């Protein structure tokens, strides 16, 4: 089965209204999403996350690049299969929660019993039953966020795009939202959501894209075992000559802890050479462990220190 979404060389720039200089908001982003995947786009405020999502759904026109939905350019039919929650959704204050969802269901083209049933299901699934007759102007930020997610899900989209969906939710609400997003995979929905809260992404995503300074810097797989960045070998009962041979294939000098020596090896070839060296010298291998940086370490490696305070 092919990709549900392909983004090719997506670029967006604007001209500063005062200096007329070009400002690049997004630079040459390439991305492919599999059917039923949960993908997180993480980055600091101002990194380009919202710009990327608006370009994907067609709310912004790209300066360069293309967006393909199931192999074809975005058109009216494709957009009907995409649900979208903006970062700051707007609702009519005087409508109740149920009236709001019914209004959006009509815009999606749902009619009759299907419209009523779909609204009732989402009121239940989003824990909005108790607020169904409450005017929108009386709702908390977290409840407004749940209404926004409900409207994005009304038409049973094949691709659901959520901009900061957990913003304003308390810990219980965040946990429920994570369970909800994970459950969407079971009904055949692909989900893309943005966040600057790493634990939310780690808890639900198959892959995470790190975006900073308008560029997609790295895509990290959170499912299965990725290839380690290095290996940590700990040995004992080594001769000086054998220890020197180990250090020649290591990433740095050996570190001593009592009679245990540890070296960091850059890859599998170095591991094989190091193990042969230890065995030839009648040394003892205490441990050999892969070294994989955490998502936080990968994220911070791309984010400038000043941006981490956003």
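The values are calculated or read from the model by the stated rules, or taken from the named source; none is laboratory data. Nothing here was measured: the structure is a model prediction, and the numbers come from that model. Glycine also receives a Cβ, built like all others from the backbone with ideal geometry; neighbour counts cover every protein chain displayed.
Each residue in the stretch 117-147 was checked for being in contact (Cβ under 8 Å) with a residue 24 or more places away in the chain and under 13 Å from residue 180 (Cβ atoms), and 7 of them qualify.
For residue 122, indicate whether it is part of a helix (DSSP H, G or I) and closer than 29 Å to residue 7 by Cβ. Yes: the conditions hold for residue 122. Within the stretch 162-183, restricting attention to residues that are in contact (Cβ under 8 Å) with a residue 60 or more places away in the chain and in a helix (DSSP H, G or I), the residue that is surrounded by the most Cβ atoms within 10 Å (Cβ to Cβ) is 181.
When the stretch 1-53 is filtered for residues that are without any contact (Cβ under 8 Å) to a residue 12 or more places away in the chain and either surrounded by 14 or more Cβ atoms within 10 Å (Cβ to Cβ) or in a strand (DSSP E or B) (or both), the ones remaining, listed by number, are 14, 15, 22, 23.
Within the stretch 82-91, being surrounded by fewer than 17 Cβ atoms within 10 Å (Cβ to Cβ) and either in a strand (DSSP E or B) or more than 21 Å from the chain's Cα centre (by Cα) (or both) holds for one residue alone: 90. Residues in the stretch 289-303 that are modelled with pLDDT of 80 or more and more than 16 Å from the chain's Cα centre (by Cα): 289, 290, 291, 301.
Of everything in the stretch 220-250 that is exposed (fewer than 14 other Cβ atoms within 10 Å of the Cβ) and closer than 21 Å to residue 297 by Cα, the residue that is nearest to the chain's Cα centre (by Cα) is 221.
Yes/no matrix, rows are residues, columns are (1) touching a strand residue (DSSP E or B) at 6+ places or on another chain (Cβ under 9 Å); (2) modelled with pLDDT of 90 or more:
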position: 75; (1), (2): yes, no
position: 84; (1), (2): yes, yes
position: 105; (1), (2): no, yes
position: 123; (1), (2): no, yes
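Taking the stated definitions as given, is residue 79 surrounded by 13 or more Cβ atoms within 10 Å (Cβ to Cβ), more than 20 Å from the chain's Cα centre (by Cα) and either in the same structural domain as residue 192 (by TED's automatic domain parsing) or within 22 Å of residue 126 (Cβ to Cβ) (or both)? When the stated conditions are applied, residue 79 passes them.
Among strands (runs of 3 or more DSSP E) entirely within the stretch 212-268, having at least 2 residues that are within 30 Å of residue 45 (Cα to Cα) singles out 215-221. Restricting the first member to the stretch 148-161 and to residues that are assigned by TED's automatic domain parsing to the domain that holds residue 113, and the second to residues that are assigned to a loop (DSSP other than H, G, I, E, B) and at pLDDT below 95, the beta-carbon pairs closer than 6 Å and six or more apart or on different chains are 148/89; 149/165; 150/126; 157/81; 158/81; 160/189.
Out of all the residues in the stretch 104-119, which are over 20 Å from residue 189 (Cα atoms) and surrounded by 14 or more Cβ atoms within 10 Å (Cβ to Cβ)?
Here is the first cut: in the stretch 104-119, the ones over 20 Å from residue 189 (Cα atoms) are 106-107, 111-113, 116.
Across the stretch 104-119, the qualifying residue is only 116.
The set of residues in the stretch 33-50 that are under 17 Å from residue 167 (Cβ atoms) and modelled with pLDDT of 90 or more comprises 40, 41, 42, 49, 50.
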